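First up is the structure itself, then whatever we jot down about it.
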Amino acid sequence: MQVRVLWLLGRLLKPDSASLGVGSCSTSGSSRNKTVESSPPLQLQLQVQAESIKHQMGVPFLESAPYRHHSSKPLGIQFLECINKKKLSYKTHQAIVLIVTFFAYTSYHAARKTTSIVKSTLDPGSSQAGLNSLPWTIAYTGAPGETRRLSWLLGGGWAPFDKSDGTALLGDLDLAFLSVYALGMYFSGHFGDRTNLRIFLTIGMVGTGVFTSLFGIGYWANVHSFYYYLIVQMLAGLFQSTGWPSVVAVVGNWFGKRKRGLVMGIWNAHTSVGNISGSLIAAAMLSYGWGWSFVLPGLFIAFAGLAVFLLLSVSPESVGADRDEDEFHSPNKHGEAAAEPLLSSDPEVVEKAVGFIEAWKIPGVAPFALCLFFAKLVAYTFLYWLPFYISHTAIDGEYLSSGAAGKLSTLFDVGGVVGGILAGHISDRLDARAITAASFMYCAIPALFFYRSYGHISLAMNIAFMFITGMFVNGPYALITTAVSADLGTHSSLKGNSRALATVTAIIDGTGSVGAAIGPVLTGYVSTKSWSAVFTMLMAAALVAGLLLTRLVVTEVAAKIGGESRSQGAPTSGTPAAANEV
């Protein structure tokens, strides 16, 4: 009882986080005096005494709200404040968070992309049956010496992937990685809402770097056991699953809801930037030995994890940052107050981590999660198999080397950057997430058809159709995993709970990752018979993804026809509001 009374008194008096002296350096005298004046000694005594008693009585650290919100500042932030002789501004913290999380998830995708580039080196010719089924390659693969030329371009292979079942084995590696990744995603969201996200993300990045490098070390260690690579990929997938729920939750702690689709669309370019950088690094290292294609991205993500540990502030409360008044209280275009941060930091809110089943019941989570299942099936099939497909397809009568195919495949991700930004901007302008996502998925169907049918004619046509396909495939994928997840993670039913976003994000992206696991492994088997069947599968998946949002689309269209007055009072964008009516 004594603990509860002291704690409530401390909460009612609302101590400033900086007044606790956590992570402080040598700040300016004016700011120090201001802190002392606004924090009565009694308030500090009550707060510290309550926390001391709770700690001595064995109250778990994570259940103590003041301990959770007033954790020490990262060492890098303390160093910057020592240099500046004053606290960093709120906008400076925001900039650091954006940059650090951007490069953090860029490194995740760079490490993830490597396998798709090295596939053609590990398995240079086992998909010959699939090549012969393509109408535009019969004339070339049947020519004398062409198979030898193709094998010379792609390399001699690496056991056990250089056998007739090599393509299927590579598909099994993708399945193992993505299955563990999808399963781990659900647990990562659960733990992410209950632990220090900075430490959690650092462990995930360093672990990813270790196991990505171990895959490459198999080259120098002359490892030819399939189970070695299988286990390494599974453990890499487990550590990779820590990334997305963590970075979305951290960004959600720092940024408001205004222009969320556009801001997160630009920020989400880290996915494509990671794919591009991973492709270029892996392709450039192939000539030195495919092991380097894994070790370099592994080192990159490990060093990025160190930067996260030193510089990432998980929330304004953790560093005692004062919110910018202009950012969060100026009127917006509707005459309302500007949106609050994605996650409420009101000290009066008693935060409780949302359960798995409870999160699924949030309106709109299920349809968007299932839509993402099929959207990621398409996107990850391209992520893992596009370089392989390009290197095994005669473009204007010529085959490209593995390195050249890897570099060319980056244009798909360039289109993805444009698509993500465009989808976010359109959804902000229309105030309709479901309409935007569904429209992009429907447009992806003809884009896939044209790339499959005409991409072989010339390099210019291949580039053009690849770019367009990437734009329509990755656009809704980026929108759903960022802005839509943030919308649903801050749904009105959560009542400002700031410990729900990682769980909701993990559910949506975890469900999508199940589709991401299925797509590449199906491609590994189907491609041995016909690439035409692969593209038919992808077009069908895009169609189903769009259809799953039909009810939300109808509701949003009805809301538009009924007039803007119905949506002006909604605190979030169109999708959650529409989801409430479904």
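Some observations on this one:
- Added length on full extension, which subtracts the Cα-Cα distance from 0.36 nm per residue, Tyr454 to Val554: 32.5 nm
- Length released on extending from Glu358 to Ala221, taking residue separation times 0.36 nm less the Cα-Cα span: 44.5 nm
- The packing ranking of peptides 95-101, 316-322, highest mean first, is 316-322, 95-101, where packing means the average number of other beta carbon atoms within 10 angstrom of each residue.
Each reported figure results from applying straightforward, stated rules to the coordinates on display, with no laboratory input. Source: prediction; values computed, not measured. Please note: Cβ atoms are built from the backbone with ideal geometry, for glycine as well, and neighbour counts cover all protein chains shown.
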